[in-house]
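So the structure is just underneath, and the comments pick up after that.
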Amino acid sequence: MLIFGMQTYGRSISRYISVSGSGLANGNLFFAHEAPRESQIGMISDGIAALKNGGFLLAAAPTGIGKTAAALASALNAANQSENPEIPKIMFLTGRQSQHRIVVDTIRDINKRLPSGFSRVKVVDIIGRESMCKSVDRSTGKCNCEIGVTESERRFLRADLEEFIHSEPRHVDQVLKRVRKTEVCAWATARDAAKNTRVIVCDYNHVFVEGVRDSSLPVMGIDLENTILIIDEAHNLPDRIRSGLERRITQKVFQRALSDVEEYKESMEKREADMEIPESNQLREAKSLERQIRALRDDASLRKWFEEKKSENQQTKGDDVRVATQEFIDVVSKAIGGVVEGESEDDISRLRGMIARLLSVVIEEDEDLEEDEQNECTRLAEILEICIRYRKNPALALVFDELLDEPRITSHLLDPSVVGEPIFEQCLGSILMSGTLFPPEMYADILGVPSIRSSCNEYSSGFPLGNRPVLIASDVTSKFTEREECFSSIISHVKSVIDNTKGNVAIFAPSYSMLDRIHDEFENTWSPKKIIREEQRMSKSGVESLISKLYEQKQMGGAALFGVLSGKLSEGIDYSENVLNALVCVGLPLPPPSARQDALLEYYSKKYDRNRAWKYASLQPAVNSILQALGRPIRKSEDRAIVVLLEKRLLERRVSSCMPAMQKMRTSKPERTAERVKAFFEN
């Protein structure tokens, strides 16, 4: 009998199969529902086959296929057939907290269907520490959840909470509700609970950000070499990996860092004076750091360097310029040369010494400050460490630009495989899945998934094609050179959809500037629907408020929701109950020209070829943002919605080849669009 929830288990596989029939072999044993759909059968089978051989399944699986249930069935079956001395763990990685609940609910359903005598699957649901702890001091990394609690009380409270977590699959909000009035740390307890848990649901960062990985996986008893990774919404993973190495500093960072160091040094001096102890090595290091940062602030060569970059930027047609990583390292290292007595003459060693001092600075942070105004010592240390690590690697680009006339430097990781490849090589296998993991072969390349062990498959939802017809306009485009002459026709197409849709319409523009123009055309004119729009940097509660308005308005003639492609409303939102009845996507959101984009194209051209470089860096991400929006209205097989794509470039062969098969029709003018939309709702 297999005991899945424990650290060890018996391995009489033959007895297991004789009891459960072919359940282990075909994935049905750990399937959450009565019977898998045809598309799920294929995905489960492919997943088991890939994972049994230590491989990878990249699944382009549309909304509604039931990816979560299929992936868990594959991973749980493969784990139970593993020949490793210890049964593997499964990490379900997702960037959306809403998906955490779906995973936990699915495991609860799996447990209900397991035969009697089989141990139930244990799961722990973990989100960010600042969301799980009552308060976290960002300078020290400590929380106040257990202040005043004795060691014996702490052990008792954590053991009680861990038992609660293990007793049945629990959403993290259930755990947080349990500890609301007790003095116990939910975050620390959840990490402890993970040691005796088979499935851990958490964010991508736990695996793909080095600092988080090194601090969290050992504590949770996770060894990547014996772990299966399920990566949900995997189309987002490349950018999440890139963001993990994106750091930004302004020219003023040196003055602010100096203020932090002075505060840190003075606090230490007072404490040592009060204690009447000799000057500590820590205080001496703080004084050395103070001299170094003051040298950076006052260095004429460094100021001149920033002025030269500012002038160079102004002479270009763009808004930013690329900076050689070694050049930035050299100018910073030169500025601190000879400042600290006995310091190494080697530039890199000198910088590493300063980085170590910067990271030791602890200050009392003001919670009212914006994130960009927090500990500048840490910020400076991190970008210098990244520059040193990747100084000889073309996968990193430094970019200079200005924000409100303030010069700044930003680090950009161009190649996610630099981070991804060693992780995929180390783990026991992985399922990467998304409705827009298209084409999956591209994501295997970009992420560094070992090609020899990869299966790249596309799956059909099985939904009726007629429930989501796609109209592509052949008369309009958002292409910069033609945008103005097309704008009035774009507005007419949008109006034809709004006027003829029974229910709610979502209109997604390629940028916020374009959104403003389109929205303004409707905001101050009569419309049969209530006009609502997405704002930049909307909070989670703001998004939820907008979505709730859609449900309210559906019974009152409907609403027109204006947002942006790749925004919070066009990706990741489950518009359930068929609340969206029509969708309009305006244009093709190709990335605008920039030094970072030029660097990415240059890098991919050298790594692959020019055609793949353009596709990987520009075209496919733009198309996939449209595909993400297309997945919003249809969440179940009975849902119906019409989609209108206002971009003639989608009819070009090289662009249309970037899209999966779907029912497409042309519309050549707004009047034709009106006829098609009206007919759809009358049918």
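Where a number appears in this text, it was derived from the coordinates with a stated rule and is not lab data. Remember, predicted model here, so these are calculated numbers, not experimental data. As a convention, Cβ positions derive from the backbone with ideal geometry for all residues, glycine included, and neighbour counts pool all protein chains shown.
For the chain, the fraction of C-alpha pairs farther apart than 47 angstrom is 25 percent.
Per-peptide packing, taken as the mean over residues of other Cβ atoms within 10 Å, places 146-154, 30-38 in the sequence 30-38, 146-154 from highest down.
Residues whose amide H falls under 5 Å from that of Phe92, counting only those 5 or more places apart or on a different chain, are Ile200, Val201, Cys202, Ile230, with hydrogens built in the peptide plane.
Counting neighbouring Cβ atoms within 10 Å and putting the fewest first, the residues Cys427, Cys585 line up as Cys427, Cys585.
Using a cutoff of 8 angstrom between alpha carbon atoms and counting only pairs six or more residues apart, the relative contact order for the stretch 392-510 works out to 14 percent.
Note on the stretch 248-389: Lys pairs 8 or more places apart or on different chains, Cα atoms under 30 Å apart, count 19.
What net charge do the residues around Asn111 carry, taking every other residue with its C-beta under 14 Å from that of Asn111, with Lys and Arg at +1 and Asp and Glu at -1?
Cβ neighbours under 14 Å give a net charge of +4.
Using a 4.7 Å Cβ-Cβ cutoff, the cysteines of the chain lacking any partner cysteine are Cys202, Cys377, Cys387, Cys427, Cys456, Cys486, Cys585, Cys658. Of the cross-linked pairs Lys495/Lys554; Lys479/Lys502; Lys479/Lys530; Lys540/Lys568; Lys479/Lys549, those separated by over 21 Å at the C-alpha level are Lys479/Lys502; Lys479/Lys530; Lys479/Lys549.
Put simply, the convex hull of the Cα atoms in the stretch 465-682 casts, on average, a shadow of 12.3 nm². Considering only beta bridges that DSSP places wholly inside the chain, some 25 percent are antiparallel. When the trypsin sites (Lys or Arg not before Pro) in the stretch 166-210 are filtered for DSSP coil states and for at most 11 other beta-carbon atoms within 10 Å of their beta-carbon, the remaining sites are Arg180, Lys181.
Per-residue Karplus couplings for the stretch 300-310, computed as 6.51 cos²θ - 1.76 cosθ + 1.60 with θ equal to phi - 60°, are listed in order as 5, 5, 5, 4, 4, 4, 4, 5, 5, 5, 5 Hz, Gly and Pro entered as x.
Cross-link partners of Lys181 among lysines, defined as those whose alpha carbon lies under 21 angstrom from its own and excluding same-chain residues fewer than eight positions apart: Lys134, Lys142. 3J(HN,Hα) along the stretch 356-364, derived from phi through the Karplus expression 6.51 cos²θ - 1.76 cosθ + 1.60 where θ = phi - 60°, amounts to 4, 5, 4, 6, 8, 6, 10, 10, 7 Hz, with x in place of Gly and Pro.
Applying the Karplus relation 6.51 cos²θ - 1.76 cosθ + 1.60 with θ = phi - 60° to the stretch 340-347 yields 3J(HN,Hα) values of 9, 4, x, 5, 4, 7, 6, 4 Hz, where x marks Gly and Pro. Can you pull a Stokes-Einstein diffusion coefficient for the stretch 160-199 at 25 °C (0.890 mPa s), Rh from Kirkwood over Cα pairs, as a whole number of µm²/s? For these conditions, the coefficient is 241 µm²/s.
In terms of surrounding Cβ atoms within a 10 Å radius of their Cβ, Ser594, Ser570, Ser478 rank from fewest to most as Ser594, Ser478, Ser570. Here the convex hull built on the C-alpha positions of the stretch 248-389 has a volume of 114 cubic angstrom per residue. Helix content alone sets the calculated 222 nm mean residue ellipticity of the chain: runs of n ≥ 4 DSSP H residues at -39500 (n - 2.57) each, divided across all residues, give -14000 deg cm²/dmol.
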